1. Can you tell me how many residues in the range 88-123 are within 25 Å of Val47 (Cβ to Cβ) and either outside the structural domain of Ala75 (by TED's automatic domain parsing) or of a type in the set (A, V, I, L, M) (or both)?
2. Look at Arg80 and say whether it is farther than 30 Å from Arg42 by Cα and surrounded by 10 or more Cβ atoms within 10 Å (Cβ to Cβ).
3. Which ones in the range 50-107 are at negative phi and not in a helix (DSSP H, G or I)?
4. Being closer than 21 Å to Arg45 by Cα, in contact with a Phe, Trp or Tyr (Cβ under 9 Å, 6 or more places away or on another chain) and surrounded by 11 or more Cβ atoms within 10 Å (Cβ to Cβ), is that true of even one residue in the range 125-135?
5. Using beta carbons and a limit of 9 Å, which pairs, at least six apart or on different chains, have the first residue in the range 33-53 and in contact (Cβ under 8 Å) with a residue 24 or more places away in the chain and closer than 15 Å to Asp127 by Cα and the second one among the acidic types (Asp, Glu) and surrounded by 14 or more Cβ atoms within 10 Å (Cβ to Cβ)?
Amino acid sequence: MGIFQKLSTLLRSNINDLIARAENPEKMLNQVILDMREQLARAKREVATAIADERKLRQQVEEEGKQSREWEQRAMLAVRETRDDLAKQALLRQQEHGERAGSLEQTWRAQAAETEKLKVSLRQLNDKIEEAKRKRNLLIAKQRRAQAQRRIHETMAGLSDQSAFEAFDRMAERIEDAERRTVASIEVHEALTGDTLEREFQKLQAGSGDVDERLLALKQQMGLLPGGEEAVKQLKAGGDSKAQPSEPQGLIHEAELIEEIERLEGSGGS
């Protein structure tokens, strides 16, 4: 199993575990990105080791090739010196180094090809992590919008609940009903215990006084009377002189009513 296959398996295992235990999506995404970075760092170390091994093999191939060439030169030197026995031994050494160089070169070329694949995979993994970081930001923004929408929905659902308002209205109705009952009880009590005739005349006096004031204000508004105390005097004078034809019939009626009330009050006091 290659190192990237191992890393992929480990990442899937960690992510599935995080998803199963996820309570906060934002924390989960941050943790996934952190795990990806850790796996990327581990992959970089693995790729660096592979590159180092490939360079070591290349150096060994170069060294064996160098040794093979040197022993070949020595064999040629021995031939020039008519030392065929040394030339044969030099050729044997040259052959040994040449064979090892050829074997190591095959291993080195295979290692170099794998190393290039690892470099490409490492770049792809780094690009995927950068893309995941960008998606993480978008997902966090969506998650925050979803939380805001959920809070708004819960708030609106709470506002649509009429139970509290209905309870308030029922309590207000009970208070108003209690107030009406209290007023009615007072009226019944006064009706049973008070002087009915006295209250009727008090109401009549209060009503007539209010009518006098309203009549006076109306005449002032119409320009028939001046304002202030002079208007009150003229209103009373109008009640005393019934024979004046220029006074309105309504004023004569009000004056007669006032005079009757004063007479009744005088007779009641005697």
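1. Number of matching residues: 7.
2. Values: farther than 30 Å from Arg42 by Cα: yes; surrounded by 10 or more Cβ atoms within 10 Å (Cβ to Cβ): no.
Answer is no for this residue.
3. Kept after step one, since they are at negative phi, are these residues of the range 50-107: 50-81, 83-107.
Selection gives Glu81, Arg83.
4. Residues of the range 125-135 closer than 21 Å to Arg45 by Cα: 125-130.
Now restrict to residues that are in contact with a Phe, Trp or Tyr (Cβ under 9 Å, 6 or more places away or on another chain): 125.
This time we only want the ones that are surrounded by 11 or more Cβ atoms within 10 Å (Cβ to Cβ), so: 125.
The answer is yes; a qualifying residue exists.
5. Pairs that qualify, where the first residue is in contact (Cβ under 8 Å) with a residue 24 or more places away in the chain and closer than 15 Å to Asp127 by Cα and the partner is among the acidic types (Asp, Glu) and surrounded by 14 or more Cβ atoms within 10 Å (Cβ to Cβ): there are none.
A quick yes/no check of all residues on (1) within 17 Å of Ile129 (Cα to Cα); (2) of a type in the set (Ser, Thr, Tyr); (3) at pLDDT below 85:
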| residue | (1), (2), (3) |
| --- | --- |
| Ala20 | no, no, yes |
| Lys27 | yes, no, yes |
| Asn30 | yes, no, yes |
| Arg42 | yes, no, no |
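The values are calculated or read from the model by the stated rules, or taken from the named source; none is laboratory data. Note that the structure is predicted; figures quoted are calculated from it, not measured. Cβ sites come from the backbone with ideal geometry, for glycine too, and all protein chains shown count toward neighbours.
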